[in-house]
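Below: the structure, in structure tokens.
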Amino acid sequence: MIRIGHNPNTNMLPMFHFLPKEHPLLESITAEPTGHNAMLSDRRIDMAPISAFSYGEHWQDYTMLPNLSVSAKGRVGSILLFSKVALKDLDGLTVALTNTSATSVNLTKILLHHYFGVVPRYLTMPSDLQGMLARADAALLIADAAIQAALLHPDCHIYDLGEEWLYHTGCSMTYAVWAFPKRLIFERERELKAVYHLLLNAKAKALCNMEDIVKTSQTMLGGSLQYWRNYFARFSYGLDQTIVTGLKKYLDLCFELKLLSSRPLLQFWPEE
């Protein structure tokens, strides 16, 4: 049995909605991205859609599955920085960072430090916009927490970090990749391949039945059907060369800004 991380947020529904709930090869463990990052690192799970940044931390020990990611080119709608001031004015002020993200936390630092030339102070907090802005001048929220906060139309600037990344780099942004420890290739190769095909089939079925995903998301969080159609239209769940280029750009910048201790190499299994 392969223990996989299950991410409950709407942006991951196209990966999980049609994945078999009961399957002899699968055991699902639900957590937010940072939870899966830690679980994969300490062997509590075998495979997960981890933060792209977490792959960068463990690239020497992990490998990625091809054709699977959570990526977007430009506006994403759920990686949002809520700020009382313009980004260029955040130098020396305080930014509250969600405790559920690694990729977006470091994307925030890249954008602010490298492209806006500001160095705020950072706090890490639970995902509660009101509580975060009570202690800070800006707040990073991701996934469903970001969507729910934005739907309330708070009185502040709202910056979409996918949009900012595209503007400054011209690249797509990859938020999560499917990864597992390399040692499992030698220990459980047949199971890994079977689970990989289950994931590919679930994704393919979702992409052919997106109205089911849209309606499920509306039931979970509200909003209009058209809102959710537009939301999912922004995402790619594949990993083509354009997406790989953006992922490499992000990880290279993490290394160059000393957010990562080594420059990651992108390694995939099975090789195509």
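Throughout, read-outs are computed from the coordinates displayed, never taken from laboratory work. Here the structure is a predicted model, which means the values were calculated and not measured. As a convention, Cβ positions derive from the backbone with ideal geometry for all residues, glycine included, and neighbour counts pool all protein chains shown.
Whole-Hz Karplus values for region 154-165 come out as x, 7, 6, 5, 10, 10, 8, 6, x, 5, 5, 4 Hz, taken residue by residue from phi with 6.51 cos²θ - 1.76 cosθ + 1.60 and θ = phi - 60°; glycine and proline positions read x.
Applying the criteria of a DSSP loop state and at most 13 other Cβ atoms within 10 Å to the GluC sites (Glu not before Pro) of region 132-206 yields no site. Computing Rg and the Kirkwood Rh from the Cα coordinates of region 79-169 gives a ratio, Rg/Rh, of 0.91.
Here the label points at Gln241 and Lys182, each 7 Å from Cα along the C-beta direction, are separated by 2.5 nm in the simple model. Remark: region 168-272 is approximated by an ellipsoid whose semi-axes, taken from the C-alpha gyration tensor as √(5λ), come to 29, 23, 12 Å, largest first. Please list, short to long, the whole-number percent of alpha-carbon pairs of region 1-71 in consecutive 5 angstrom bins beginning at zero. Pairs per bin, as whole percents: 3, 16, 28, 28, 18, 6, 1.
Peptides 175-184, 82-91 ranked from most to least packed give 175-184, 82-91, packing being the mean of other C-beta atoms within 10 angstrom over each peptide's residues. Pairwise inverse Cα distances across the chain, averaged and inverted, put the Kirkwood hydrodynamic radius at 18.9 Å. Ordering Tyr196, Tyr62 by the number of other Cβ atoms within 10 Å of each residue's own Cβ, fewest first, gives Tyr196, Tyr62. Spin-label pair Arg135-Gln60: with each label point 7 Å from Cα along the Cα-Cβ axis, the two points sit 3.4 nm from one another.
For Thr124 and Asp252, a Förster radius of 22 Å and the Cβ-Cβ distance give a FRET efficiency of 0.35, rounded to the nearest 0.05. Which entries of Lys109/Lys215; Lys73/Lys258; Lys109/Lys182; Lys88/Lys249 show an alpha-carbon separation above 32 angstrom in the structure shown? In this structure, Lys109/Lys215 exceed 32 Å between Cα atoms. The relative contact order of region 79-169, computed from alpha carbon pairs under 8 Å that lie at least 6 residues apart in sequence, is 46 percent.
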